[in-house]
Amino acid sequence: MNEDLENAIKETLKDAKPWQKVPTNVEGVFLVKTPSSKKPETILIEINPTDDLGNPIKRRGIFLKKSSELEKFLEVMQNNKVKDLLKVLEKISGSGSSKSIEPIKI
């Protein structure tokens with residue numbers, strides 16, 4: 001499976017432009033090829049979950065190059081103190097009670 005995935009990624013990104021987002025079958029996960037100069041090109045994963053309409057929730061997501069980076073991000077994000085901090089910030093900024101806007105049907 002890993003060899004098939006590796007070949008599929010190489011083939012797909014062969015014609016991709018630098019910084020072009022290539023979607024995957026995992027919602028909110030994209031592959032991104034960085035520009036190459038003297039070093040060989042690098043492929044990153046961008047994690048940027050989508051909203052109810054399928055749009056990314058942030059302008060730029062989190063870019064990861066190694067599985068150890070993912071583990072560190074998950075460790076921080078699962079910390080209850082971070083969740084508590086976000087709840088307080090939502091209360092202060094008033095962003096906790098946002099209404100969802102229905103798309104306009106044309």
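Does Glu102 satisfy the condition of being without any contact (Cβ under 8 Å) to a residue 40 or more places away in the chain, assigned to a loop (DSSP other than H, G, I, E, B), more than 23 Å from Leu5 (Cβ to Cβ) and not aromatic (Phe, Trp, Tyr)?
Values: without any contact (Cβ under 8 Å) to a residue 40 or more places away in the chain: yes; assigned to a loop (DSSP other than H, G, I, E, B): yes; more than 23 Å from Leu5 (Cβ to Cβ): yes; not aromatic (Phe, Trp, Tyr): yes.
It is true that Glu102 is without any contact (Cβ under 8 Å) to a residue 40 or more places away in the chain, assigned to a loop (DSSP other than H, G, I, E, B), more than 23 Å from Leu5 (Cβ to Cβ) and not aromatic (Phe, Trp, Tyr).
Please specify each residue of region 47-85 satisfying the condition of being at pLDDT 90 or above, out of contact with any strand residue (DSSP E or B) (no Cβ under 7 Å at 6 or more places or on another chain) and aliphatic (A, V, I, L, M).
Leu74, Val76, Met77, Val82, Leu85, listed by residue number.
Out of all the residues in region 10-41, which are surrounded by 12 or more Cβ atoms within 10 Å (Cβ to Cβ) and assigned to a loop (DSSP other than H, G, I, E, B)?
Matches in region 10-41: Ala16, Gln20, Thr24, Gly28, Thr34, Glu41.
Which residue is farthest from the chain's Cα centre (by Cα), if the candidates are limited to region 19-71 and must be under 18 Å from Ile9 (Cβ atoms) and among the hydroxyl-bearing types (Ser, Thr, Tyr)?
Per the criteria, the residue is Ser36.
If you take the residues of region 88-106 that are surrounded by 10 or more Cβ atoms within 10 Å (Cβ to Cβ) and not aliphatic (A, V, I, L, M), which of them is modelled with the lowest pLDDT?
For region 88-106, the residue satisfying everything is Gly96.
So which residues in region 42-72 are part of a helix (DSSP H, G or I) and exposed (fewer than 13 other Cβ atoms within 10 Å of the Cβ), if there are any at all?
Scanning region 42-72 gives Ser67, Ser68, Glu71, Lys72.
Looking only at region 1-44, which residues are within 25 Å of Asn55 (Cβ to Cβ) and among the polar types (S, T, N, Q)?
Those that are within 25 Å of Asn55 (Cβ to Cβ) and among the polar types (S, T, N, Q): Thr12, Gln20, Thr24, Asn25, Thr34.
The values are calculated or read from the model by the stated rules, or taken from the named source; none is laboratory data. Note that the structure is predicted; figures quoted are calculated from it, not measured. Don't worry about glycine lacking a Cβ; one is built from the backbone with ideal geometry, like all the others, and counts go over all protein chains shown.
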